[in-house]
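The structure appears right after this line, and notes come after that.
The values are calculated or read from the model by the stated rules, or taken from the named source; none is laboratory data. From a predicted model like this one, the values you see are computed outputs, not experimental measurements. Here the Cβ positions follow ideal geometry from the backbone for every residue, glycine too, while neighbour counts run over all protein chains shown. Ligands, DNA and RNA are excluded from the accessible area calculation, which covers all protein heavy atoms including side chains. Shrake-Rupley method; radii C 1.70, N 1.55, O 1.52, S 1.80 Å.
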Amino acid sequence: MFEISEERPFDAAGIETLLDLGFGENRKHRLVNRLRQGPPVASLSLVNRASSKNRHLHSDPGIIASIRYWRIELESCCTALLLGPLAVDPAWQGLGYGRRLVSVSLDRAREQAWGLCLVSGDPKYYATFGFRSADGLGLLPQGTIEAGRLQVLELEADALSNARRRLRPSASMIWQIHDLVNGGTRVLSGLSFA
């Protein structure tokens, strides 16, 4: 048996190693990372690790799979989730651990009343969870996500009905408060991804 649990702070190094194994060290330069601002959604960022009963199956299994979600906003529409990255240790791929993390986390997202989920990934893989191409839906990432990879899943009926034309990080992620050295004055500065 394998245990799925929420990501914890001490998991960070293991997750980074897993992501490097799965996507390479250049993964941080992918366009979709411009939308992954701030911390991931903690209640949906999960890891899969061997239970104590199965530690004999691998000399040091550590974290064998990880999934994260990020809060984003569709302009004039709603708050949404951005799924990813999803990574599975190459030694454990093809055994259903990634699929299980996606299923469990999407169920949790529905329970938490998230309306919409986007992903940049393999269309064939994510179609099995109900994702469909975002092409023609009025979501124009304007160069933020590689062409043909943006997919959408309505977690709540009609979540796309008010979707507008631009994908951007949530307002809480766009605005950063900077303390200036001179007198501690606080200034708001916006980040633009258009």
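In the range 1-30, which residues are at positive phi and touching a strand residue (DSSP E or B) at 6+ places or on another chain (Cβ under 7 Å)?
Hits for the range 1-30: nothing passes.
So is residue 132 closer than 23 Å to residue 14 by Cβ and either of a type outside the set (Val, Ile, Thr) or at pLDDT below 90 (or both) or not?
Taking the combined requirement at face value, the residue does not satisfy it.
Restricting to the range 88-129, count the residues that are of a type in the set (A, V, I, L, M) and either modelled with pLDDT under 95 or open to solvent by 10 Å² or more (accessible area, probe 1.4 Å) (or both).
Residues flagged as of a type in the set (A, V, I, L, M) and either modelled with pLDDT under 95 or open to solvent by 10 Å² or more (accessible area, probe 1.4 Å) (or both) within the range 88-129 amount to 9.
Please find, within the range 75-87, the residue that is modelled with the lowest pLDDT out of those that are surrounded by fewer than 24 Cβ atoms within 10 Å (Cβ to Cβ) and more than 10 Å from the chain's Cα centre (by Cα).
So the residue we want is 76.
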